[in-house]
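The values are calculated or read from the model by the stated rules, or taken from the named source; none is laboratory data. Everything quoted here is computed from the prediction, not taken from an experiment. Because the Cβ atoms are built from the backbone with ideal geometry, glycine has one as well, and the counts that use them run over all protein chains shown. To get the accessible areas, we keep the full protein, side chains included, count just its heavy atoms, and leave off ligands, DNA and RNA. Shrake-Rupley method; radii C 1.70, N 1.55, O 1.52, S 1.80 Å.
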Amino acid sequence: MLSVYIVDDSRVMRERLTESVTDIAGVEILGQSGDPLEALDSIRKAHPDVVILDIRLPRRSGIDVLKDIKEDPASPIVIMITNYPYRQYRQACMAEGADYFFSKLDEFDMIRETLSRLGLHHKNKIHHIRKDQNEK
């Protein structure tokens with residue numbers, strides 16, 4: 001299973017993301033938070049495969065949270081999402097190690113498509129690892 005953690009200050013957006021993701025085969029929601037500090041703590045403890053991270057959060061920027069997440073050599077894939085898809089935000093996120101950057105306004109479906117692809121890749125990767133272990 002591909003585990004996902006959602007960080008967005010909007011409860012409605014977290015619910016929308018959860019609803020969109022829960023029916024994707026091979027993908028599970030590991031947790032969610034609207035608070036960046038709580039989210040960082042949970043991410044460090046739970047080690048999700050993917051983090052969906054909003055740029056605008058209370059008390060701390062999602063870009064700052066991204067920097068902290070990517071300090072770990074085994075960091076998860078990070079999908080940045082925003083209602084403000086400005087070029088400078090995209091560039092800053094990609095420079096800090098974001099794997100994907102999507103606008104909530106017109107690219108919301110790309111989040112689901114990306115997780116579907118990642119879930120399939122993750123499933124195939126595990127299948128190959130098990131196959132290799134069985135051949136030894």
Out of V4, V21, V65, report the one residue that is touching a helix residue (DSSP H, G or I) at 6+ places or on another chain (Cβ under 7 Å), surrounded by 15 or more Cβ atoms within 10 Å (Cβ to Cβ) and more than 20 Å from R112 (Cα to Cα). V65
With L53, L57 as the choices, which residue is in contact with a Gly (Cβ under 6 Å, 6 or more places away or on another chain) and not small (G, A, S)? L53
Among the residues of segment 26-33, are any without any contact (Cβ under 8 Å) to a residue 40 or more places away in the chain, over 14 Å from the mean Cα position of the chain (by Cα) and open to solvent by less than 60 Å² (accessible area, probe 1.4 Å)? no
Please pick out the residue among R44, R90, R14 that is outside any loop (DSSP other than H, G, I, E, B), open to solvent by less than 50 Å² (accessible area, probe 1.4 Å) and among the charged types (D, E, K, R). R14
Six or more apart or on different chains, Cβ atoms under 7 Å: show the pairs whose first residue is in segment 101-123 and free of Cβ contacts under 8 Å to residues at least 24 places away in the same chain and whose second is of a type in the set (K, R). F101/R90
Criterion first (of a type outside the set (A, V, I, L, M), out of contact with any Leu (no Cβ under 7 Å at 6 or more places or on another chain) and under 26 Å from H121 (Cβ atoms)) does S3 satisfy it? no
Counting only residues that are more than 27 Å from L120 (Cβ to Cβ), part of a loop (DSSP other than H, G, I, E, B) and either acidic (D, E) or at pLDDT below 95 (or both), how many does segment 17-41 have? 1
